[in-house]
Structure formats: structure tokens, C-alpha cells
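Peer 1: Pasting a structure below so you can have a look.
The values are calculated or read from the model by the stated rules, or taken from the named source; none is laboratory data. Keep in mind that this is a model prediction, so the values were computed, not measured. A quick note on method: Cβ atoms are made from the backbone with ideal geometry, for glycine too, and the neighbour counts reach across all protein chains shown. These area figures cover heavy atoms from the full protein model, side chains too; ligands, DNA and RNA do not enter into them. Shrake-Rupley method; radii C 1.70, N 1.55, O 1.52, S 1.80 Å.
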Amino acid sequence: MKTQWTWGNGTALKAKELTPTALSASSYYLRVDHNQGHVVQLVGTLPNGHGVGIDDQGRLREYTKSGPQAFQKGRTAPLYTAVVRGSAVYGISVDGELLRFTGAGAKAANLGKPAGLVSGSPAISGSRIYWTRYVSAGAGKLRNEVVSRALSGGATKVVAKDARDPRVTDAGLLVVRTGSAFGDDDFDAMYTVRGIDVLTSGGAKRLLTFKGAGLGSQIGDGPWTFDASGRTLTLSAAGTSGQLVINLKTRQAWRINVPKGTVPSWTGVSGARAVWDVRDHGGEARGKGVYIMNVDTGKAQLLKTKTGSLNTPVVNGKAIAWTYDRPDGLVQFKSIVLK
């Protein structure tokens, strides 16, 4: 089927249409199924299926079979977001500090205050960190740029102007190529997408170009819900009710069907897998489970389970995790590890 994308050489990106099959209970181990309290901000899962999140006091927590446990040793400034990379966790505090936690119970390593690290998730590649920051474009407007810095500190380097959302993949560092300027409350302009670029030592190279006409700023309405890791890239299929998933190694692409009237949530991506649930246009969970796409096998599957509105599914290798709200006001965390 046709998509609203072309490859960098101008060739149309075509996708195979898929309808997910049921994921059988014999294909995974149930790892955790337990309430974790009233506030659960799920930011990722560890390879063992334990969740990682932030509580209402900005503390890093580990979600386990016996409930939430302290993940960090000692106190830090409250965290407002974090990302999981393998077994390590990188947290960003409310005062802009970058903190690294190398395992449950580990004391945080303070990696300093990368300038402008206030929006989105940072990307970690080798000894460097990449992130998006806003800078003035003049006339009261802003623009995006992707910058990097050594994890150990040092000068900040601009790696791509008019770009955002760096993602580390097997194909290289990907960024979303954006418009040149926008007002701070003009969300359609802020999330304008021109394409996806690969950043190399020789400069930026176009991987994909978006040919669609306009984007809305709501969830699932366009390719600004891009995510990528390993050999997997996901783009909500703008103008459709499906999820577009691409194998960066083989350049195969699939559009996975979701129920009419719903859109895919933000995806979790790791290695060869992408996971998501589906929602209405207001962001409320409306599906009957977690969708799983494996770009190595070309199979899309649906794990029938409850999902919730607060968090979207996450994946780390073979570990997949999600949450839902219970009738008693507590938040249930569940996870599986694929066989």
C-alpha cells in the first residue's frame, strides 16, 4: 500500500498491510503483575521485566512483584523525566542535572547540566549525549536544533539545525527534520515534519521525506510521533488508523491495522521490536491490549490485556511492560518477557 513518505532517493515508500494475530500465552513469561501505588510515571523497563518510573516526589522507583522499591541510593534533586538504556537509567532533574544510575540501589553519577536539556528524551550513543533544544529564530519565534556533548562534560556542539528528537539506531543517529521557525504556542508549526535525516561524520543525509499535506498536533495524527532504536523505526501513519513500522536494515515497511476510530499511542522501540496501544483522539486508551511488531520476523501480534491512559507500553529487548488504572485507584504494573 502507498504511504505519505518517499526514501531519500525519491522512491516511494510502500508498506505491507498487516492485521495483528493473537500473542499466545505459551510465547512469554509473566514477570510482574502487581499494584504499585497511586502515582506511577512509567519511563521504561529493565531487561528483567521490572519497571522504572518516577513517583510524585520525583524519586526514581523500581516496579516489582512486591510493589515499588527505591531504585536510587541517596537523595538527588527531584527528577522530571528519565530514559532507560539497557540496564542503565539516565534521569534529568528539575534543575537540569543529568544523572546516571547503573543499577538498582546505585548512587547517582552527576553528569552536569547540559545546556538547554529541558525538553524531550536525550539519546545516548557511546560516550556522547544528544538532545533537542529551542533557540531564538528572531522576530519572537523559535526553532529546533539537535546538540551533543560528551557525557563526561565539555563543550556543547550543534549537530543539526532545524531538527529535533535524536534517536540512536543501527543505521546511525536519526533526527526529524522540521520547519525553520515557529511561535511558542503554534503547535502545528512546531511539529511540522519535512523528513527523517541520518547524521554522519560527513553531515546530514536524507533517509525519508514526508509528502503529506499538513499535520495536527494531537496524538497519533502524524509522524511527529516518530521513534526509533536498533533496526526499528515507527511513524504513525498520518491520515490513516494504522502504525507504520520500518526495518532500517532491510527497508521493509508495514502498516499495522488498529481498530476504526483509534490511533496508535507513542511507541516503545528496542532492537527489532516496537510496542504500543491504541487511543481515541483525546489520548484515552480504547484498545484491548498491547501491540507488538517484530521487524525481523515481519509479524504483528496483539497481547490481549488491560491498558491505561497514564502510561504507554515500553520495551527493552524481550521485556515488555505497561500499566492500567484499577477500580480502587491504584495503578497496576504488568510485564512479560518473551521466550
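Peer 1: Mind listing whichever residues of the range 229-244 are within 26 Å of His281 (Cβ to Cβ) and modelled with pLDDT of 95 or more?
Peer 2: Thr232, Leu233
Peer 1: If we keep just the residues of the range 75-112 that are farther than 21 Å from Val314 by Cα, open to solvent by 30 Å² or more (accessible area, probe 1.4 Å) and of a type in the set (A, V, I, L, M), which is farthest from the chain's Cα centre (by Cα)?
Peer 2: Ala109
Peer 1: Further question on the same structure: State which residue is surrounded by the fewest Cβ atoms within 10 Å (Cβ to Cβ) when the search covers only the range 169-197 and only residues that are aromatic (Phe, Trp, Tyr) and closer than 19 Å to Ser121 by Cα.
Peer 2: Phe187
Peer 1: While we're on this one: Can you spot a residue in the range 254-267 that is in contact (Cβ under 8 Å) with a residue 40 or more places away in the chain, out of contact with any Gly (no Cβ under 8 Å at 6 or more places or on another chain) and open to solvent by less than 20 Å² (accessible area, probe 1.4 Å)?
Peer 2: There is at least one residue in the range 254-267 that is in contact (Cβ under 8 Å) with a residue 40 or more places away in the chain, out of contact with any Gly (no Cβ under 8 Å at 6 or more places or on another chain) and open to solvent by less than 20 Å² (accessible area, probe 1.4 Å).
Peer 1: Those residues that are closer than 20 Å to Val84 by Cα, modelled with pLDDT of 95 or more and surrounded by fewer than 24 Cβ atoms within 10 Å (Cβ to Cβ), I need them from the range 295-318; list them, please.
Peer 2: Gly317, Lys318
Peer 1: Name the strands (runs of 3 or more DSSP E) wholly within the range 1-91 that hold at least 2 residues that are modelled with pLDDT under 90 and within 23 Å of Val331 (Cβ to Cβ)?
Peer 2: Per the criteria, 79-85.
Peer 1: Residues to consider are Ala155, Ala213, Ala189; find the one that is among the hydrophobic types (A, V, I, L, M, F, W, C), modelled with pLDDT of 90 or more and not in a strand (DSSP E or B).
Peer 2: Checking each option against the conditions leaves just Ala155.
Peer 1: Of the conditions (1) touching a strand residue (DSSP E or B) at 6+ places or on another chain (Cβ under 9 Å); (2) farther than 17 Å from Phe226 by Cα; (3) open to solvent by 10 Å² or more (accessible area, probe 1.4 Å), Gly271 clears all except one; give me its number.
Peer 2: (2)
Peer 1: Of these, Leu42, Leu60, which one is surrounded by 18 or more Cβ atoms within 10 Å (Cβ to Cβ) and under 20 Å from Arg326 (Cβ atoms)?
Peer 2: Answer to the selection: Leu42.
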